[in-house]
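Novice: Structure incoming, see below.
The values are calculated or read from the model by the stated rules, or taken from the named source; none is laboratory data. Bear in mind that the values here come from a model prediction, so they are computed numbers and not experimental data. Counting neighbours? That spans all protein chains shown, and the Cβs are built from the backbone with ideal geometry, glycine included. We work out accessible area using only protein heavy atoms, side chains counted, and drop any ligands, DNA or RNA first. Shrake-Rupley method; radii C 1.70, N 1.55, O 1.52, S 1.80 Å.
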Amino acid sequence: MAARTPNRYQLPLISMVGAMAVVLAFIAIGRIWRVATHSDQGVAVQTVDYQGWLKSAKQDGHLHAYAPHPMPKGWRATSASYVAGAVPRWHLGVLTDDKQYVGLDESLQPLTQMVDTYLSDNAKRGTDVTVDGVSWQTWTDSRGDYALARTFKAPKGKYPEHLLVGGSASPSQVRTYAAALR
């Protein structure tokens, strides 16, 4: 009978389990390090100059292109855009002085579609309110977001224009923002 030579690569089960534990420990340490060093906390949100976007929207002439004038004290713009075309869209997002979000979205898009997009599919219409002499619809969703909406004739008069103002800010902050729009 021929002598059997042992396989040099055969490891006992305990050695394989130990090696696996070491690899998993390195993965866990890496994940903890990544979470600890890439947290959202402390990341500064950039302030944007929205005036160029606003000017483009006004020059295009398809929307009224509302913006706060003046911006409420301590609030700052963090996002702005204008998209021209068949369904133009003007957006201006701000953070309040207590870092709550309020966004303004203006479009020829149907209001129900805007509510579904910027709030949520389950948003509920509330009682209308008057802000600075103007009547607004109120909307809330299950996440606690609050919004005001109104519909009026677009500058070129062919389609109705819709304005939606809302976000995570309190109803009084959303109303303050809406009252500042010019």
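Novice: What is the spin-label model distance, in nm, from Ser170 to Ser135 if the labels are put 7 Å beyond Cα along the C-beta direction?
Specialist: Simple spin-label model gives 2.8 nm for this pair.
Novice: Report the Cα centroid-to-centroid distance between region 120-182 and region 50-64 in angstrom, as an integer.
Specialist: Rounded to whole Å, the Cα centres lie 20 Å apart.
Novice: How charged is the neighbourhood of Trp75? Take every other residue with its Cβ under 14 Å from the Cβ of Trp75, and add Lys/Arg as +1 and Asp/Glu as -1. Before the final figure, lay out the partial values.
Specialist: Values: positive: Lys73, Arg76, Lys99, Arg175; negative: Asp97, Asp98.
Result for the neighbourhood of Trp75: +2.
Novice: Checking the a/c ratio against 1.5 first, then a/b against b/c, what shape does the Cα gyration tensor give for region 49-174?
Specialist: Judged from the Cα gyration tensor, region 49-174 comes out oblate (a/c at least 1.5, b/c at or above a/b).
Novice: Taking the Cβ-Cβ separation of Val87 and Gln46 as r and a Förster radius of 35 Å, what is the calculated FRET efficiency to the nearest 0.05?
Specialist: The computed FRET efficiency comes out at 0.80.
Novice: With a 1.4 Å probe and all protein chains left in place, how much of the accessible area of region 62-182 comes from carbon and sulfur atoms, in whole percent?
Specialist: The value for region 62-182 is 52 percent carbon and sulfur by accessible area.
Novice: Over region 75-167, what is the relative contact order in percent, taking alpha-carbon pairs closer than 8 angstrom and at least six residues apart?
Specialist: In percent, rounded to a whole number, it is 24.
Novice: Give the lysines whose C-alpha is closer than 27 Å to that of Lys58, dropping any in the same chain fewer than 8 places away, or say none.
Specialist: Partners within reach: Lys73, Lys153, Lys156, Lys158.
Novice: Rounded to the nearest 0.05, what FRET efficiency do His69 and Gln100 give with R0 = 22 Å and r taken as the Cβ-Cβ distance? Could you check?
Specialist: After rounding, the FRET efficiency stands at 0.60.
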